[in-house]
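The values are calculated or read from the model by the stated rules, or taken from the named source; none is laboratory data. Remember, it's a predicted structure, so these values are computed and weren't measured experimentally. FYI the Cβ positions are ideal-geometry reconstructions off the backbone, even for glycines, and counts take in every protein chain you see.
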Amino acid sequence: MSITIKNTPITPSGGWSGLWQKEDYWAVWLGLGVVAAAILLWLSGNTFMKWVAISVPSYSDIGKAISYINSHISAIFGLYIFFLLLFAVAVKFLGHKLSEFIPGFTVLFLMSLIVTVAGSWDVMKKYNLEAPFLALAVGLIIGNFVKLPKFMEASLRTEFFVKTGIVLMGATLPFTLIMQSGPAAFAQATIIAVTTYLTIYWAGTRLFGLDKRFAATLAAGGSICGVSASIAIGGAVKAEKKYVSISISLVIVWAIVMIFALPLFIKVLGIAPGPAGAWIGTSEFADAAGMAAAASINEQAIKTFTLVKVVGRDMFVGIWCFIMAYISITQWEKRSDGTKPKANEIWTRFPKFVLGFFVASLIITALVASVDAATSKAITAQIISPIKELRSWAFIFTFLSIGLTTRFKDLTSVGWKPFAAFTTGVLVNVPLGYLLSVVIMGGYWALVK
């Protein structure tokens, strides 16, 4: 669920300390905190959320963009302070130095502002180089050709940003839509996850002679949710650290390829936004990368992507950890003490931010359902729309962080056999994803609004 090497991944945590020592939980607390704050401010008649949720309009004349920025300086500063305080609290509890995070995030925010303004230029829009793609491209160029100061590392929290953004995404999706489309998303994700996993595992062990634990780790990264799945499954089957690192690198390679390749195929084939987002949800290898690809299409694609990837595929990580831990202990390790994995391993490995996504959706849906039509419009204008813009900023931070933490030279040393095994899964996953999302269920996903 991430495609960054440098950031600390989510790992299992025992006891109550995990509630404030893990990014997964903090993404939930912050995301739901923003939702709660938006509701309370609206109830009190305060328009802070609408004021701070900056959205740079499309323009053809750079003078208009400059004028917009000049007239919104105070709101932009407010947005900066809002996010700085929001993330700084979590970063402090997560053990990072605020003396490094604050200057690093300041640089990241300024870069995000520049990218957002540039991505709003109609020329950029014409060539599909809007803010998400532009942020990734700029990050990759700077990250690979400019030596970043050490203090930047504390601010490039790819997993944290994307998971917080996904929780906020929940507030913009009606819970009724999730309940209606969730079973279809889960069914499609099940076919994709199981088929891709078995393909990579079979290719790794049978065709290329890889260690079973290595193949299992690669298969998790390619079929479920990228880096976090590689780490979680790698830990569950006791894989060597180098196996996990190689799996992470391959996830990054293919995730970046798919960021550009899938939207290109979608445009060439003339696929509608709904099925396009679902295809990205089945065939992207990380949440952040998939969100970037879906955001290059439109809001409908973002919705169907989220349903398939987050509601469908991400939920498999806990279940798959339990299954693979059981196989590892009973078949591969053959322990004499009869130790077996515990059922609570599913909860330990389950991506908690997915629950935050559901809760945010449930809160807003219940609020809208409890008021009349006029008040519902006010909620959309004062709560849902601002949260949607704040979510977009969180994703821009994500895409820049992806680029700034990805080193091409680190991705060329994984060896041809692991690459071939993972690529075999890609060659099955992408066409199968197209078949399910566009051919078989294309009509269904096209109706998701």
Task: Any hit, the stretch 26-46, residues being outside any helix (DSSP H, G or I), modelled with pLDDT of 90 or more and touching a Leu at 6+ places or on another chain (Cβ under 9 Å) - done: yes
Open item on the list: Can you confirm whether I39 is surrounded by 16 or more Cβ atoms within 10 Å (Cβ to Cβ), more than 23 Å from F397 (Cα to Cα) and of a type in the set (V, I, T)?
Closed with: yes
Task: The one condition in (1) under 16 Å from F305 (Cα atoms); (2) assigned to a loop (DSSP other than H, G, I, E, B); (3) not aromatic (F, W, Y) that M179 fails to fulfil - done: (2)
TODO: Select the helices (runs of 4 or more DSSP H) contained entirely in the stretch 225-310, then report the ones holding at least 1 residues which are among the β-branched types (V, I, T), modelled with pLDDT of 80 or more and closer than 27 Å to I178 by Cβ.
DONE: 241-269, 273-283, 299-306
TODO: Would you check if there is a residue in the stretch 106-121 being within 22 Å of K150 (Cβ to Cβ) and surrounded by fewer than 15 Cβ atoms within 10 Å (Cβ to Cβ)?
DONE: yes
Task: Within the stretch 157-176, tally of residues that are in a helix (DSSP H, G or I) and under 22 Å from V448 (Cβ atoms) - done: 10
- [ ] Could you look through the stretch 166-221, keep only residues that are among the small types (G, A, S) and farther than 30 Å from S361 by Cα, and pick out the one that is modelled with the highest pLDDT?
- [x] A203
Open item on the list: Considering only residues that are more than 17 Å from Y68 (Cβ to Cβ) and without any contact (Cβ under 8 Å) to a residue 12 or more places away in the chain, which ones fall in the stretch 105-122?
Closed with: none
Open item on the list: Consider the stretch 332-367. How many of its residues are part of a helix (DSSP H, G or I), of a type in the set (A, V, I, L, M, F, W, C) and modelled with pLDDT under 90?
Closed with: 8
Task: Output for the stretch 261-291, where each listed residue is within 11 Å of the chain's Cα centre (by Cα) and in contact (Cβ under 8 Å) with a residue 60 or more places away in the chain - done: G281, F285, A286, D287, A288, A289, M291
Task: Looking only at the stretch 277-295, and only at residues there that are hydrophobic (A, V, I, L, M, F, W, C) and within 20 Å of V428 (Cβ to Cβ), the one that is surrounded by the most Cβ atoms within 10 Å (Cβ to Cβ) - done: A278
Task: Condition check for R407: over 22 Å from F48 (Cβ atoms) and in contact (Cβ under 8 Å) with a residue 40 or more places away in the chain - done: yes
- [ ] Search the stretch 142-165 for residues being crowded, with 24+ Cβ neighbours inside 10 Å and touching a Lys or Arg at 6+ places or on another chain (Cβ under 8 Å), and hand back the single one that is nearest to S361 (Cα to Cα).
- [x] G165
- [ ] Say whether the condition of being free of Cβ contacts under 8 Å to residues at least 60 places away in the same chain and under 20 Å from F160 (Cβ atoms) is met by at least one residue in the stretch 66-78.
- [x] no
